[in-house]
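S.K.: Below are the structure tokens for one structure; questions will follow.
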Amino acid sequence: MRRPERPLALRPQVLCLGEALLDRLAPPGADPASAAPHQCTDHLGGAPANVACALARLGTPVAFLGRLGRDAIGAAFAQLLNERGVDRRALQWDGQRPSRIVLVRRDVSGERQFGGFAAAESGFAAAAFADQALDAARLSAALGPLLAQARWLLVGTIPLASPAATAALQLACREAAAAAVPLALDVNWRPTFWDSGADPAAGPWPEAIAAMRPLLEQAALLKCAREEALGLFGTAEAAAVSAALPQRPAVVVSDGPAPLSWCIAGRSGRLPAFPVAWVDSTGAGDAFLAGLLHQLCALPSLLSGALDPTAALRFAAACGALVCQGTGAIDPQPDPDQVQAFLSAQA
């Protein structure tokens, strides 16, 4: 039985900055843009919001820094974040732009591909979405107290696709660096966020890579998928990715059901995926990252090389595997008891 949600203590240890949105999933093999409404299922998502909710369920105090429309999706997120105990002091509201709906295709194995977008309400203009208008000045006013206690700032690259959100992201990274709060970066390359007409399978183009470069060179922890690592670094080996960056960050490179490549504090290796029946892989990587950040908050010496990171990586992988067995990114997220029970069963 899932333990009841509880408010977390103030003083968030992880700050998750970026998009909160709704994933509209069609049945495996179908197109959500043309499927009948009753065939699709809607799930709250967005990588930073997924990580924030997963961390809260694991028991790590966390804050979400983002912007939502004043619509049904925004109201649902407000309720969810409140129930999970996620700090919302830096959550912004937009009365002109809608929350974003992402159309998600799934193949018969559960793998997903992000396509186009839909607006939350027909009364909004769909030319822009609330997450694109994250306001740097308002964010700055909330950041000081949050950074004073934080251990990590987590960001992705999607804000870089919009000028206002780029300014807010860059400000947060500067202030985090000034406060000696390390940066965790989930590449999370989604070409349709940068160009709605782009091929969803396209790799990052030179302008996008140039925009990402300062984040890549600041990150103390870098998570990317195999295809993202190949597009950015020409290799999917975590040790080689780490060596390609001046600060030699901790790196994890995921590859779906294939073994994960990792490099942490000079150690490196591969971690086989847990064999589970996939239902939907949406949010599995976010659950993995939340599990790893949860471990890093509890055991900061993992990044110094004082401890073998294998157990922490297995914990994180279990979080991702459990999410794959449910639908949507947030609802299947496990609590610590479920993760330990899963690991015990695997052993």
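S.K.: Name the helices (complete DSSP H segments) of the chain with a Cα length along the long axis of 20 Å or more and a Kyte-Doolittle mean of at least 0.0, or state none.
M.R.: 163-178, 284-298, 310-324
S.K.: May I pose another question? Could you tell me what percent of the DSSP beta bridges with both partners in the chain are antiparallel, to the nearest 5?
M.R.: Roughly 40 percent of the DSSP beta bridges within the chain come out antiparallel.
S.K.: Taking neighbour Cβ counts within 10 Å as the exposure measure, how do 53, 319, 263 sort from fewest upward?
M.R.: Ordered by Cβ neighbours within 10 Å, fewest first: 263, 319, 53.
S.K.: A further question on this structure: Counting other beta carbons within 10 Å of each residue's own, what order do 19, 227 fall into, fewest first?
M.R.: With the sparsest Cβ surroundings first, the list reads 227, 19.
S.K.: Oh, and also: Hey, rough spin-label estimate for residue 78 and residue 267, points 7 angstrom out along Cα→Cβ, what's it come to in nanometres?
M.R.: 4.6 nm
S.K.: Which ³J(HN,Hα) values in Hz, rounded to whole numbers, follow from the phi angles of the range 154-159 under the Karplus curve 6.51 cos²θ - 1.76 cosθ + 1.60, where θ = phi - 60° and Gly and Pro get x?
M.R.: 9, 9, x, 9, 4, x
S.K.: Can you give the calculated 222 nm mean residue ellipticity of the chain, where each DSSP H run of n ≥ 4 adds -39,500 (n - 2.57) and the sum is split over every residue, rounded to the nearest 500 deg cm²/dmol?
M.R.: When only DSSP H runs of four or more count, the value is -11000 deg cm²/dmol.
S.K.: Per-residue HN-Hα couplings for the range 11-28, Karplus 6.51 cos²θ - 1.76 cosθ + 1.60 at θ = phi - 60°, whole Hz, x for Gly and Pro?
M.R.: 6, x, 8, 10, 10, 9, 10, x, 8, 10, 8, 10, 8, 9, 9, 8, x, x
S.K.: Right, something else. Fully extended, how many nm does the chain gain between residue 343 and residue 196 (0.36 nm per residue separation, minus their Cα-Cα distance)?
M.R.: 48.9 nm
S.K.: Once phi is turned into ³J(HN,Hα) by the Karplus curve 6.51 cos²θ - 1.76 cosθ + 1.60 with θ = phi - 60°, what whole-Hz value does each residue of the range 92-100 show in order, with x for glycine and proline?
M.R.: Computed from phi, the couplings for the range 92-100 are 9, 10, 10, x, 10, 10, x, 5, 8 Hz.
S.K.: Sticking with this structure for a sec: Tell me the Kirkwood hydrodynamic radius of the range 14-346 in angstroms, computed as one over the mean inverse distance between distinct C-alpha pairs.
M.R.: One decimal place: 19.7 Å for the Kirkwood radius.
We did not get these values from a lab; they are worked out from the coordinates using the rules stated. Please read these numbers as outputs of a predicted model, since none were measured by experiment. Neighbour counts are summed over all protein chains in view; Cβ atoms, including those assigned to glycine, are modelled from backbone coordinates with ideal geometry.
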